[in-house]
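**Student:** One structure, pasted below without further comment.
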Amino acid sequence: MRRWPWWLQVSALYVAARLASACIFMAAALHQGTNPWFPAKPDYWNFINIWDARWYGEVISNGYPAALPADAAGNVQENAWAFYPLFPFLGRAVSTLAGIAPAAALTIVAMLSGLVAALVIYSLFRHKAQHSTAMWAVAFFATFPVSGILQVPYAEPLTVLLLAAALLLVIRRQYYVAMPVVLLMCLSRPVGVPFAAVVGLLFVYRLVQRSRGKGPQVHSPRELGGLAGLAAVSGAAALIWPAAAWATTGDIEAYTKTETVWRGHDLVPFKPWFDTGIQLFGPVLGVLAPFVFAGLFALMLFSPPVVKLGVELRLWCACYMAYLLLFLHPQTSTFRMLLPLFPLALGAAVLSRSRAYRGTVIVMFILLQIVWIVWLWAWAQLPGGGDYPP
């Protein structure tokens, strides 16, 4: 394979990883019992079109509600405003042009997005590492325990593609070209706020750097202007979808009310992490657990392998984790939401050149895919009803 073009090497690696995940999905489907969507023991295509995939199909079929659905007590119910429009829009376009079912169209969009994301991620990693290390890092990304999400009708593959492209353009200082990419990214999933924070902090960093002297890393006035413009575009783009929900429903809190329906209570920054910590570890250790987690993550960002990622990728990882700590309600879907931290895959590959270490990581990731798919993707009703979401 070393004689193949880089894009063919990455594509072959990624397809092999997806075939491995497909085998796990098919094996899990054989053990799928009664569930809300289809008869027991479904085929592969039915099995991957569940959970949020059904919501994206709902958006294609019926669009977004003009009024928030509510129960008799006035409590907002689960609805399509929680799901950003770019992915179902592309699915509808493919469905119309190809004359296929929306579920099939969404699956095609997700699978192609994941493949292109792998190619862009390799290009991003090559700015920081040699070919072999970048390939191993892509292998880590492609086999990550939740990487099965890259081949199901979820928006994650599309978001990762756009995020990787945006980060690549930022590293190349092509800030004006990055603006439409960021706009599309902010219409795929709610990652606009942390990305705007990254670009804003990067602007301050580059401004201070320029004031201290000259060198190859110093930005020109035009580059600083582009970076400032990208920060403004990112911040505005992050507000587009909440503003669209407000304009359509007439409720300024339409988006946040919808998002918090799944967590069962209003949005209170940081509090869910302490609640979950107390639930898992008790009243003393549970309060300390979020601080310990945040501290360990911060230490990792200053470890030598991660420092080699450069300021842009480290800033993204820091801001995205801060965003999760601020707004996320930690639960089983949290594992899936860690996928945008994919730059850390390069840090893991840089950690050691040992093939034994790198091969062990791949094997453990694939084994953990089995855990994630069987535990969270497959439906198994809990004693109180429902099931843990993937």
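**Student:** Quick one: residue 284 ticks every box in (1) of a type outside the set (Lys, Arg); (2) out of contact with any helix residue (DSSP H, G or I) (no Cβ under 7 Å at 6 or more places or on another chain); (3) surrounded by 13 or more Cβ atoms within 10 Å (Cβ to Cβ) bar one, so which box is it?
**Tutor:** Every condition holds for residue 284 apart from (3).
**Student:** Let me ask something additional. Do you know which residues across segment 236-251 are part of a loop (DSSP other than H, G, I, E, B) and either over 14 Å from residue 193 (Cα atoms) or modelled with pLDDT under 95 (or both)? Working first, answer last.
**Tutor:** In the first step, residues of segment 236-251 are kept if they are part of a loop (DSSP other than H, G, I, E, B); the result is 239, 250-251.
If the condition is that a residue be part of a loop (DSSP other than H, G, I, E, B) and either over 14 Å from residue 193 (Cα atoms) or modelled with pLDDT under 95 (or both), then 250, 251 are the ones that fit.
**Student:** Let me ask something else. Which of (1) surrounded by fewer than 16 Cβ atoms within 10 Å (Cβ to Cβ); (2) under 20 Å from residue 156 (Cα atoms) is the odd one out, the single condition residue 369 does not satisfy?
**Tutor:** With respect to (1) surrounded by fewer than 16 Cβ atoms within 10 Å (Cβ to Cβ); (2) under 20 Å from residue 156 (Cα atoms), residue 369 is out only on (1).
**Student:** Would you point out which residue out of 358, 336 is farther than 23 Å from residue 280 by Cβ and at pLDDT 95 or above?
**Tutor:** On the way: 336 fails: farther than 23 Å from residue 280 by Cβ.
After applying the criteria, what remains is 358.
**Student:** Need the failing condition index for residue 357 against (1) outside any loop (DSSP other than H, G, I, E, B); (2) touching a residue at least 12 places away in the same chain (Cβ under 8 Å); (3) not basic (Lys, Arg), just the number.
**Tutor:** Going through the list (1) outside any loop (DSSP other than H, G, I, E, B); (2) touching a residue at least 12 places away in the same chain (Cβ under 8 Å); (3) not basic (Lys, Arg), residue 357 breaks only (2).
**Student:** Sticking with this one: Which one is nearest to residue 155 (Cα to Cα), of the residues in segment 34-60 that are in a helix (DSSP H, G or I) and of a type in the set (A, V, I, L, M)? Lay out the reasoning, then the answer.
**Tutor:** Narrowing segment 34-60 to residues in a helix (DSSP H, G or I): 44-48, 52-60.
Within this subset, residues satisfying the condition of being of a type in the set (A, V, I, L, M) are 48, 53, 59-60.
Numbers: 48: 13, 53: 9, 59: 13, 60: 14 Å.
Taking the candidates together, the pick is 53.
**Student:** Hey, among 323, 357, which residue is hydroxyl-bearing (Ser, Thr, Tyr) and touching a helix residue (DSSP H, G or I) at 6+ places or on another chain (Cβ under 7 Å)?
**Tutor:** On the way: 357 fails: touching a helix residue (DSSP H, G or I) at 6+ places or on another chain (Cβ under 7 Å).
None of the others qualify; the one that does is 323.
**Student:** Any idea which of 350, 363 is crowded, with 20+ Cβ neighbours inside 10 Å, of a type in the set (Val, Ile, Thr) and either within 16 Å of the chain's Cα centre (by Cα) or within 30 Å of residue 128 (Cα to Cα) (or both)?
**Tutor:** Numbers: 363 fails: crowded, with 20+ Cβ neighbours inside 10 Å.
Checking each option against the conditions leaves just 350.
**Student:** What number of residues in segment 61-88 are part of a helix (DSSP H, G or I) and either in contact (Cβ under 8 Å) with a residue 40 or more places away in the chain or touching a Cys at 6+ places or on another chain (Cβ under 9 Å) (or both)? Before you say what the answer is, go through the steps one by one.
**Tutor:** First pass over segment 61-88, keeping only residues part of a helix (DSSP H, G or I): 61-62, 80-82, 86-88.
Filter again for either in contact (Cβ under 8 Å) with a residue 40 or more places away in the chain or touching a Cys at 6+ places or on another chain (Cβ under 9 Å) (or both), leaving 61, 81-82, 86-87.
Count: 5.
**Student:** Do you know which residues across segment 1-18 are exposed (fewer than 11 other Cβ atoms within 10 Å of the Cβ) and either at pLDDT 95 or above or in a helix (DSSP H, G or I) (or both)? Can you show your working first?
**Tutor:** Of all residues in segment 1-18, those exposed (fewer than 11 other Cβ atoms within 10 Å of the Cβ) come to 1-3, 5.
Across segment 1-18, the qualifying residue is only 5.
**Student:** Continuing with the same structure: In segment 150-169, what residues are touching a residue at least 40 places away in the same chain (Cβ under 8 Å) and surrounded by fewer than 24 Cβ atoms within 10 Å (Cβ to Cβ)? Walk me through how you get there before you give the answer.
**Tutor:** So in segment 150-169, the residues touching a residue at least 40 places away in the same chain (Cβ under 8 Å) come out as 150-161, 163-165, 167-168.
Answer for segment 150-169, where residues must be touching a residue at least 40 places away in the same chain (Cβ under 8 Å) and surrounded by fewer than 24 Cβ atoms within 10 Å (Cβ to Cβ): 151, 165, 168.
**Student:** It is to be established whether one or more residues within segment 56-74 are under 21 Å from the mean Cα position of the chain (by Cα) and hydrophobic (A, V, I, L, M, F, W, C).
**Tutor:** yes
The values are calculated or read from the model by the stated rules, or taken from the named source; none is laboratory data. Please read these numbers as outputs of a predicted model, since none were measured by experiment. Quick reminder, even Gly has a Cβ in these numbers, built from the backbone with ideal geometry, and neighbours come from all protein chains shown.
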